[in-house]
Amino acid sequence: IENSHHACGVYTFTYILCGLPLSAIEQDAKMFINEIKQYKRSPSLTYVRLFRQMALNLISTSDDPFQMEGEEIPQLKTLFMNGNEIDNNQTRECIMHCQLFLACYLGRGKEGKQFVTRHAKLKDRKYPVCFSTFFPYLRGMVLLRLAQEGCRGCRRQTAREIRRIRSFVRKGFINCTHLLHILEAGMLSIGGKPEAVTQKAFDKAIAGASRSGFPHDAGLASEQAAIYFKDRDPSRYALYLDRAENFYQQWGARAKIELLHETRGGASQSQDGTTAVSSAIRGKSRRDSFLLNCDHETVDWFSNSSASNARTRRNLSISVRKPPIQELLLS
């Protein structure tokens with residue numbers, strides 16, 4: 001039973017990392033929470049509650065979406081009242097993962113720095129590979145944001161995280177190739193490289209993330225490109241912000257869209273009202289492919305085939321019925 005509960009937590013966090021629609025993930029997490037509660041006590045309940053709260057933070061427009069308190073978790077301190085120090089340590093790590101994720105996608109570099117420092121002390125390899133390939137990226141994006149703000153040493157630390165991601169790509173984990181391209185483009189933006197070279201790198205990163213079905217990462221890459229052009233070309237700055245908003249809309253992150261509106265200020269859309277930035281960006285949104293349905297039972301969740309996994313990601317529908325815990329126990 002505990003293993004099935006743990007699988008619910010892994011499922012929820014993995015799908016958040018993969019950029020599936022936040023509203024669907026939040027609904028699934030709510031269903032998992034109700035089912036796990038029937039077993040009175042389970043450490044996995046805390047993890048699923050934290051992941052649901054993280055999704056709610058990105059969906060809603062709360063005063064401070066970075067804070068891990070809200071509808072699902074009114075007060076974080078209530079998670080540490082069971083007296084089990086092992087469970088409490090695991091809860092602290094889970095909170096750290098969530099805060100690092102929010103710092104990355106909400107652009108909270110200064111607040112996220114403490115979590116990067118603490119998270120770097122953990123050994124990524126002790127986590128499932130679906131998590132450990134993303135952690136260097138989350139830390140790298142927070143450090144990149146700090147480097148853009150003039151933090152000394154952050155550029156060197158970002159380069160270290162890029163090397164870690166590159167090692168995963170070389171080992172065949174192609175699903176993190178776009179993460180590598182995003183960080184490399186970000187490094188070019190602060191490295192004094194020619195403008196054309198930097199824009200080409202950003203366009204490559206955006207297209208790669210979009211084609212692979214990661215709208216949240218395509219939005220983050222577009223936002224990074226907008227930051228680069230903010231003081232260089234107001235028209236391209238506005239265009240990349242439009243692109244970022246479109247991707248975040250696909251993800252369902254209304255809180256992030258509100259932050260972009262605050263950032264935009266007086267920036268306007270392109271004259272023809274389009275959001276296309278460059279002819280080099282032709283990525284297809286995964287939202288379109290959600291119109292295709294597939295039966296949950298036909299998906300090979302444990303396949304090592306990259307091509308099979310890619311087809312599965314493109315064919316998943318937000319209307320697909322996810323298996324309740326009883327079915328997980330029988331599988």
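The values are calculated or read from the model by the stated rules, or taken from the named source; none is laboratory data. Keep in mind that this is a model prediction, so the values were computed, not measured. Note that we place each Cβ from the backbone using ideal geometry, even for glycine, and neighbour counts take in every protein chain shown. Side chains included, ligands, DNA and RNA excluded: accessible areas come from the protein's heavy atoms. Shrake-Rupley method; radii C 1.70, N 1.55, O 1.52, S 1.80 Å.
Helices (runs of 4 or more DSSP H) wholly in the stretch 51-167 with at least 3 residues that are free of Cβ contacts under 8 Å to residues at least 24 places away in the same chain - which ones?
Values: elements: 85-106, 109-120, 129-132, 135-148.
The helices (runs of 4 or more DSSP H) meeting that bar are 85-106, 109-120.
Scanning the stretch 168-177 for residues that are open to solvent by 10 Å² or more (accessible area, probe 1.4 Å) and assigned to a helix (DSSP H, G or I), which turns out nearest to Ala120 (Cα to Cα)?
Let us first name the residues in the stretch 168-177 that are open to solvent by 10 Å² or more (accessible area, probe 1.4 Å), namely 168-175, 177.
The next check asks that each one be assigned to a helix (DSSP H, G or I); those that pass are 168-170, 174-175, 177.
Numbers: Phe168: 17, Val169: 20, Arg170: 22, Ile174: 23, Asn175: 22, Thr177: 21 Å.
Filtering first and then ranking leaves Phe168.
Considering only the stretch 28-39, state which residues are open to solvent by 80 Å² or more (accessible area, probe 1.4 Å), part of a helix (DSSP H, G or I) and in contact with a helix residue (DSSP H, G or I) (Cβ under 9 Å, 6 or more places away or on another chain).
Lys30, Lys37
Considering each of Ala159, Ala147 in turn, give the residue that is closer than 21 Å to Phe115 by Cβ and in contact with a Lys or Arg (Cβ under 6 Å, 6 or more places away or on another chain). Please lay out each step first, then the result.
Details: Ala159 fails: in contact with a Lys or Arg (Cβ under 6 Å, 6 or more places away or on another chain).
Sole residue among the options that is closer than 21 Å to Phe115 by Cβ and in contact with a Lys or Arg (Cβ under 6 Å, 6 or more places away or on another chain): Ala147.
Please state which one of Ala205, Ala196 is among the small types (Gly, Ala, Ser) and closer than 15 Å to Glu223 by Cα. Lay out the reasoning, then the answer.
Values: Ala196 fails: closer than 15 Å to Glu223 by Cα.
When all the criteria are applied, what remains is Ala205.
Could you list, ordered by first residue, the pairs with Cβ atoms under 8 Å in which the first is in the stretch 236-261 and without any contact (Cβ under 8 Å) to a residue 40 or more places away in the chain and the second is charged (D, E, K, R) and outside any helix (DSSP H, G or I), at least 6 apart or interchain?
Tyr237/Lys230
Run down Gly107, Gly140 and say which single residue is open to solvent by 10 Å² or more (accessible area, probe 1.4 Å), at pLDDT 90 or above and not charged (D, E, K, R).
Going through Gly107, Gly140 in turn, just one is open to solvent by 10 Å² or more (accessible area, probe 1.4 Å), at pLDDT 90 or above and not charged (D, E, K, R): Gly107.
May I ask you to list the residues in the stretch 40-71 that are in contact with a helix residue (DSSP H, G or I) (Cβ under 9 Å, 6 or more places away or on another chain) and open to solvent by 80 Å² or more (accessible area, probe 1.4 Å)?
Correct list: Thr61, Gln67, Glu69, Glu71.
Could you give every pair whose Cβ atoms fall below 8 Å, whose first residue belongs to the stretch 7-24 and is in contact (Cβ under 8 Å) with a residue 12 or more places away in the chain and assigned to a loop (DSSP other than H, G, I, E, B), and whose second residue is surrounded by fewer than 21 Cβ atoms within 10 Å (Cβ to Cβ) and among the aliphatic types (A, V, I, L, M), counting only separations of at least 6 or pairs across chains?
Leu20/Ile318; Pro21/Ile318
Under the condition of being among the charged types (D, E, K, R) and within 23 Å of Ile174 (Cα to Cα), which residue from the stretch 192-222 is farthest from the chain's Cα centre (by Cα)?
We begin by selecting, within the stretch 192-222, every residue among the charged types (D, E, K, R); these are 193, 195, 200, 203-204, 211, 217.
Within this subset, residues satisfying the condition of being within 23 Å of Ile174 (Cα to Cα) are 200, 203-204, 211, 217.
Values: Lys200: 23, Asp203: 19, Lys204: 19, Arg211: 16, Asp217: 7 Å.
Filtering the stretch 192-222 for residues that are among the charged types (D, E, K, R) and within 23 Å of Ile174 (Cα to Cα), the one farthest from the chain's Cα centre (by Cα) comes out as Lys200.
Determine which member of the set Lys230, Lys193 is free of Cβ contacts under 8 Å to residues at least 12 places away in the same chain, open to solvent by 10 Å² or more (accessible area, probe 1.4 Å) and under 19 Å from Leu106 (Cβ atoms). Lay out the reasoning, then the answer.
Numbers: Lys193 fails: under 19 Å from Leu106 (Cβ atoms).
Going through Lys230, Lys193 in turn, the sole match is Lys230.
Across the stretch 172-190, what is the total count of residues that are out of contact with any Leu (no Cβ under 7 Å at 6 or more places or on another chain) and within 17 Å of Gly19 (Cβ to Cβ)?
9
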